[in-house]
Amino acid sequence: MSEPESAPAQDDNQIIADRRAKLGRLRERGPAFPNDFTRTHHAGDLQAKYGALDRDEIAAAGVEVKLAGRMMLKRVMGKASFATVADGSGRIQFYVTPEDIGAEAYEAFKHWDIGDIVATDGLLFKTQKGELSIRCRGLRLLVKSLRPLPDKFHGLEDRELRYRQRYVDLIMNEETRHTFMVRSRAIAAMRAFMVEQGFLEVETPMLQVIPGGAAAKPFVTHHNALDIDMFLRIAPELFHKRLVVGGFERVFEINRNFRNEGLSPRHNPEFTMMEFYAAYHEVRWMMDFTEELLRETAIRATGSAMLAYQGGQIDLGKPFARLTIVDAIRQHATRYSGAQLADRDYLHRELRGLGSTHAEEAGLGALQLALFEEVAESKLTQPTYIVDYPVEVSPLARASDARPEVTERFELFIAGREMANGFSELNDPEDQAARFAQQVKARQAGDEEAMYYDADFVRALEYGMPPTAGCGVGVDRFIMLLTDAPSIRDVILFPHMRPEERA
């Protein structure tokens, strides 16, 4: 057996040195990394098409194959050897004998290493134990692997190492590959759904002179030719609404946003969102539409609207609940009375006791929102819309005609975290200018996440924007639900981390 379980652990540096020596000998014989092999089959396709057939049926079919992949296991047993080879679609077994490939090639094969990329042409068959295999007639080494893979029985278990060396994680862990396949299917499903609903996919700038569309601290960069500082976008919202002004009445973008914030299981400084805007609609329509979008995406990507998540069940099939901020507090933190929640001084004292950081000049609605975030948000497990956000924390949302102190805005929470944010868009240019002016004052007072004044956006509104509803969905957080992932890093192929320490 090659690389037996009982062999003493070998220093990685020595293993790499030994493999480099093997590569050196390969170079002496000719091209060490040949590029002239063309495969005709994939392991997963072969398993799907022939895996259920019996030995006689496969033999009668006479299936000739050319296949390449990474050698994950190898058993050398005298006159016959076996190797398990993985390609992008799955795994299959190679059956290798000196009679079939020649004594010289067989001797070379015995010295190949786990992790090498190999290729064969041969005949498909089933072993007596019923395992679909390829009887190798030719066998070639295409790529010499210089670094050893992690132990095949323990895989790559160090979570930080899995994030840092995602390429090894993908080689070793089927669960990781499945996560990112689901991610790809989900994003494709979102895109298909939006196109089916008559939305136009657009692309808007990632480099912006004025960062807008959200309350967040941006990343700053510098454009040398223009000699100006620019910002990586925190949201595409203001550009999308410019497009609605221009006559594109339904637009969407699956986009990367960048926010200069801390790292957590819910936050990565570079993340994916889908934002979309529909003219001649309002917030209630947008809540119904967003619910349908997420439900349909889950079904298309996973086959079900019922999701297993961190030991519980999330049901996207039922109508999503709708609560005001105060209702959510009263439901999930029953110790608070209606009178207390209407008392600004009481809320200040309570929030200070909870260790909340909030502005002393915050209004009643903002204080209620801060308390909600402290005592109720994490308890919203099943899909729940929180509605009627105060104007002072919603600078881009339309105020309610019936209650001018609140906006026609919602945030969707699932599994205790924000999943989407949407509202009836503010299309009154004078109101928007006044809201921007308030944001500028907040920045001058030290709020680094407050918005800038965007005069061009106000000018666009002055041409007239039809009544519009908009929404942004956190794609990464939604993928966490679909794949039962506890951290946002589990669903981002290359999450940001501190640089490796190098000698």
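Between 140, 177, the distinction of being outside any helix (DSSP H, G or I), open to solvent by 40 Å² or more (accessible area, probe 1.4 Å) and over 30 Å from residue 288 (Cβ atoms) belongs to 140 only. The condition of being open to solvent by less than 20 Å² (accessible area, probe 1.4 Å), part of a helix (DSSP H, G or I) and not hydrophobic (A, V, I, L, M, F, W, C) does not hold for residue 438.
Quickly run through the stretch 448-489 and pick out the residues that are more than 22 Å from the chain's Cα centre (by Cα) and open to solvent by 50 Å² or more (accessible area, probe 1.4 Å). Those that are more than 22 Å from the chain's Cα centre (by Cα) and open to solvent by 50 Å² or more (accessible area, probe 1.4 Å): 448, 449, 452, 453, 455, 456, 459, 462, 463, 467.
Taken together, 56, 12, 36 contain a single residue that is loosely packed, with under 14 Cβ neighbours inside 10 Å, without any contact (Cβ under 8 Å) to a residue 40 or more places away in the chain, more than 20 Å from residue 123 (Cα to Cα) and of a type in the set (Asp, Glu), which is 36. Checking each residue in the stretch 393-414 for being outside any strand (DSSP E or B) and touching a Pro at 6+ places or on another chain (Cβ under 6 Å) picks out no residue at all.
Restricting the stretch 446-503 to residues that are assigned to a loop (DSSP other than H, G, I, E, B) and acidic (Asp, Glu) leaves a set whose member that is nearest to residue 411 (Cα to Cα) is 449. Taking the condition of being open to solvent by less than 30 Å² (accessible area, probe 1.4 Å), among the small types (Gly, Ala, Ser) and touching a helix residue (DSSP H, G or I) at 6+ places or on another chain (Cβ under 7 Å), how many residues in the stretch 87-117 meet it? Residues in the stretch 87-117 being open to solvent by less than 30 Å² (accessible area, probe 1.4 Å), among the small types (Gly, Ala, Ser) and touching a helix residue (DSSP H, G or I) at 6+ places or on another chain (Cβ under 7 Å): 1 in total.
None of 54, 100, 121, 151 is of a type in the set (Asp, Glu) and closer than 30 Å to residue 165 by Cα except 151. Whether any residue in the stretch 493-503 is open to solvent by less than 30 Å² (accessible area, probe 1.4 Å), closer than 30 Å to residue 314 by Cβ and not β-branched (Val, Ile, Thr) is what I want to check. Checking the stretch 493-503: at least one residue is open to solvent by less than 30 Å² (accessible area, probe 1.4 Å), closer than 30 Å to residue 314 by Cβ and not β-branched (Val, Ile, Thr). Consider the stretch 393-414 and keep the residues that are open to solvent by 50 Å² or more (accessible area, probe 1.4 Å) and among the hydrophobic types (A, V, I, L, M, F, W, C). The one that is nearest to residue 432 (Cα to Cα) is 393.
Pick out the one residue from 230, 194 that is out of contact with any Asp or Glu (no Cβ under 8 Å at 6 or more places or on another chain) and buried (at least 19 other Cβ atoms within 10 Å of the Cβ).
From the options 230, 194, the qualifying one is 230.
For the stretch 305-347, a tally of residues being in a loop (DSSP other than H, G, I, E, B) and either open to solvent by 50 Å² or more (accessible area, probe 1.4 Å) or modelled with pLDDT under 95 (or both) returns 8. Only a single item in (1) of a type outside the set (Ser, Thr, Tyr); (2) in a loop (DSSP other than H, G, I, E, B); (3) open to solvent by 40 Å² or more (accessible area, probe 1.4 Å) is not met by residue 374, and it is number (2). When restricted to residues that are under 30 Å from residue 251 (Cβ atoms) and either touching a residue at least 24 places away in the same chain (Cβ under 8 Å) or within 17 Å of the chain's Cα centre (by Cα) (or both), the stretch 159-210 contains 29.
Filtered by the rule that a residue be in a strand (DSSP E or B) and either of a type in the set (Lys, Arg) or over 11 Å from residue 95 (Cα atoms) (or both), the stretch 57-76 gives 64, 65, 66, 67, 68, 69, 70, 71, 72, 73, 74, 75. Taking residues in the stretch 356-368 that are part of a loop (DSSP other than H, G, I, E, B), and partners anywhere that are open to solvent by 20 Å² or more (accessible area, probe 1.4 Å), the pairs with Cβ atoms closer than 6 Å and at least 6 places apart or on different chains are 356/374; 363/392. Taking the stretch 377-392 as the range and being in contact (Cβ under 8 Å) with a residue 60 or more places away in the chain and either open to solvent by 40 Å² or more (accessible area, probe 1.4 Å) or part of a loop (DSSP other than H, G, I, E, B) (or both) as the test, the residues that pass are 381, 382, 383, 388, 389. Just to be sure, is residue 300 open to solvent by less than 60 Å² (accessible area, probe 1.4 Å), among the basic types (Lys, Arg), farther than 25 Å from residue 398 by Cα and in a helix (DSSP H, G or I)? Here the answer is no, as residue 300 does not meet what is asked.
Among the residues of the stretch 228-247, is there at least one that is among the aromatic types (Phe, Trp, Tyr) and out of contact with any Pro (no Cβ under 7 Å at 6 or more places or on another chain)?
Narrowing the stretch 228-247 to residues among the aromatic types (Phe, Trp, Tyr): 231, 239.
With the extra rule that they be out of contact with any Pro (no Cβ under 7 Å at 6 or more places or on another chain), the set shrinks to none.
No: the stretch 228-247 contains no residue that is among the aromatic types (Phe, Trp, Tyr) and out of contact with any Pro (no Cβ under 7 Å at 6 or more places or on another chain).
Every condition in (1) in contact with a helix residue (DSSP H, G or I) (Cβ under 8 Å, 6 or more places away or on another chain); (2) open to solvent by 60 Å² or more (accessible area, probe 1.4 Å); (3) part of a helix (DSSP H, G or I) holds for residue 284 except the one numbered (1).
To keep it simple, each residue is scored yes or no on (1) assigned to a loop (DSSP other than H, G, I, E, B); (2) over 16 Å from residue 273 (Cβ atoms); (3) among the hydroxyl-bearing types (Ser, Thr, Tyr).
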{"site": "213", "(1), (2), (3)": "yes, no, no"}
{"site": "218", "(1), (2), (3)": "yes, no, no"}
{"site": "221", "(1), (2), (3)": "no, yes, yes"}
{"site": "230", "(1), (2), (3)": "no, yes, no"}
{"site": "234", "(1), (2), (3)": "yes, no, no"}
{"site": "238", "(1), (2), (3)": "no, no, no"}
{"site": "241", "(1), (2), (3)": "no, no, no"}
{"site": "247", "(1), (2), (3)": "yes, yes, no"}
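The values are calculated or read from the model by the stated rules, or taken from the named source; none is laboratory data. For clarity, every value in this text was computed on a predicted model and none was experimentally measured. As a convention, Cβ positions derive from the backbone with ideal geometry for all residues, glycine included, and neighbour counts pool all protein chains shown. Ligands, DNA and RNA are excluded from the accessible area calculation, which covers all protein heavy atoms including side chains. Shrake-Rupley method; radii C 1.70, N 1.55, O 1.52, S 1.80 Å.
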